[in-house]
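Peer 1: Can you read through this structure? Questions will come right after.
The values are calculated or read from the model by the stated rules, or taken from the named source; none is laboratory data. None of the values given here were measured: they were computed from a predicted structure. As a convention, Cβ positions derive from the backbone with ideal geometry for all residues, glycine included, and neighbour counts pool all protein chains shown.
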Amino acid sequence: MDAQKFPGWHGTTIVAVRKDGKVAVAGDGQVSLQQTVIKGNARKVRRLKPGGREVVTGFAGATADAFTLLERLETKLEASPGQLQRACVELAKDWRTDKYLRNLEAMLIVTDGTELLVVTGAGDVLEPEGGIAAIGSGGNYALAAARALEGSDLDAEATARRALEIAASICVYTNGNATVEVIGG
């Protein structure tokens, strides 16, 4: 996020784990302004159902901006049914080139249970290596934890939850109030 536009805003850890045909997306609930927790139970992981097909998303960044992007993503998914990557590429192109959208400050993790993508305002649509992705202020902690747990007996949901717990124990802008959505399988 642009520190000049959003001074002191922190908070959000989103982690997604693909394992055994399922994808779990977990997000914490904390939103902070400088040293103050503004909200501890924000819901940053959502299930969308454009055209009856389910997609799970997690977002980091400004909430209103993320909601605007999620609405646009739903429109793109309805225009390209069953083509998650195409819809995300179209969203990223609009996000980067549209005069209004290019000012939005957010990142998205998007999955339909088969594909797992990270979408940014820089025009990136990335498929993470190893089926693990994380974004937000505690994203690197959650990513490292999920990768360390990769070979364990934990399923996708348990791995995502544990990775988020570990991130919350390290990152002061992340709490343990998890929202988890599982898709696939």
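Peer 1: Please determine whether any residue of the stretch 13-35 is surrounded by fewer than 22 Cβ atoms within 10 Å (Cβ to Cβ), under 11 Å from the mean Cα position of the chain (by Cα) and either touching a residue at least 24 places away in the same chain (Cβ under 8 Å) or over 24 Å from Asp155 (Cβ atoms) (or both).
Peer 2: Within the stretch 13-35, not a single residue is surrounded by fewer than 22 Cβ atoms within 10 Å (Cβ to Cβ), under 11 Å from the mean Cα position of the chain (by Cα) and either touching a residue at least 24 places away in the same chain (Cβ under 8 Å) or over 24 Å from Asp155 (Cβ atoms) (or both).
Peer 1: For residues in the stretch 59-91 being farther than 18 Å from Gly113 by Cα, in contact with a Ser or Thr (Cβ under 8 Å, 6 or more places away or on another chain) and not hydrophobic (A, V, I, L, M, F, W, C), which is modelled with the lowest pLDDT?
Peer 2: Top of the filtered list is Gly61.
Peer 1: Which of the residues belonging to the stretch 167-185 are of a type in the set (S, T, N, Q) and buried (at least 19 other Cβ atoms within 10 Å of the Cβ)?
Peer 2: Thr174, Asn175
Peer 1: To continue, here is another question. If you check Thr111 against the conditions, is it of a type in the set (S, T, N, Q) and buried (at least 16 other Cβ atoms within 10 Å of the Cβ)?
Peer 2: yes
Peer 1: Return the only residue of Ala133, Ala148, Ala122, Ala87 being part of a helix (DSSP H, G or I), under 27 Å from Val31 (Cα atoms) and hydrophobic (A, V, I, L, M, F, W, C).
Peer 2: From the options Ala133, Ala148, Ala122, Ala87, the qualifying one is Ala148.
Peer 1: Does Arg46 satisfy the criteria of being among the charged types (D, E, K, R) and loosely packed, with under 14 Cβ neighbours inside 10 Å?
Peer 2: In short, no.
Peer 1: Would you point out which residue out of Lys39, Lys49 is without any contact (Cβ under 8 Å) to a residue 60 or more places away in the chain and either polar (S, T, N, Q) or within 14 Å of Leu73 (Cα to Cα) (or both)?
Peer 2: Lys49
Peer 1: Separate question: Which residues, counting only those in the stretch 115-162, are under 19 Å from Leu70 (Cβ atoms) and polar (S, T, N, Q)?
Peer 2: Thr120
Peer 1: Quickly run through the stretch 49-60 and pick out the residues that are out of contact with any helix residue (DSSP H, G or I) (no Cβ under 7 Å at 6 or more places or on another chain) and surrounded by fewer than 22 Cβ atoms within 10 Å (Cβ to Cβ).
Peer 2: Result: Lys49, Gly52, Arg53, Glu54.
Peer 1: State the number of residues belonging to the stretch 48-70 that are within 18 Å of Val182 (Cα to Cα) and hydroxyl-bearing (Ser, Thr, Tyr).
Peer 2: Total meeting the criteria: 1.
Peer 1: Please find, within the stretch 43-58, the residue that is farthest from Ile14 (Cα to Cα) out of those that are of a type in the set (A, V, I, L, M, F, W, C) and modelled with pLDDT of 95 or more.
Peer 2: My answer is Val55.
Peer 1: For Val89, only one of the following conditions fails: (1) in contact with a strand residue (DSSP E or B) (Cβ under 7 Å, 6 or more places away or on another chain); (2) of a type in the set (Val, Ile, Thr); (3) exposed (fewer than 14 other Cβ atoms within 10 Å of the Cβ). What is its number?
Peer 2: (3)
Peer 1: Residues being among the small types (Gly, Ala, Ser) and in a strand (DSSP E or B): count how many of those fall in the stretch 33-61.
Peer 2: 3
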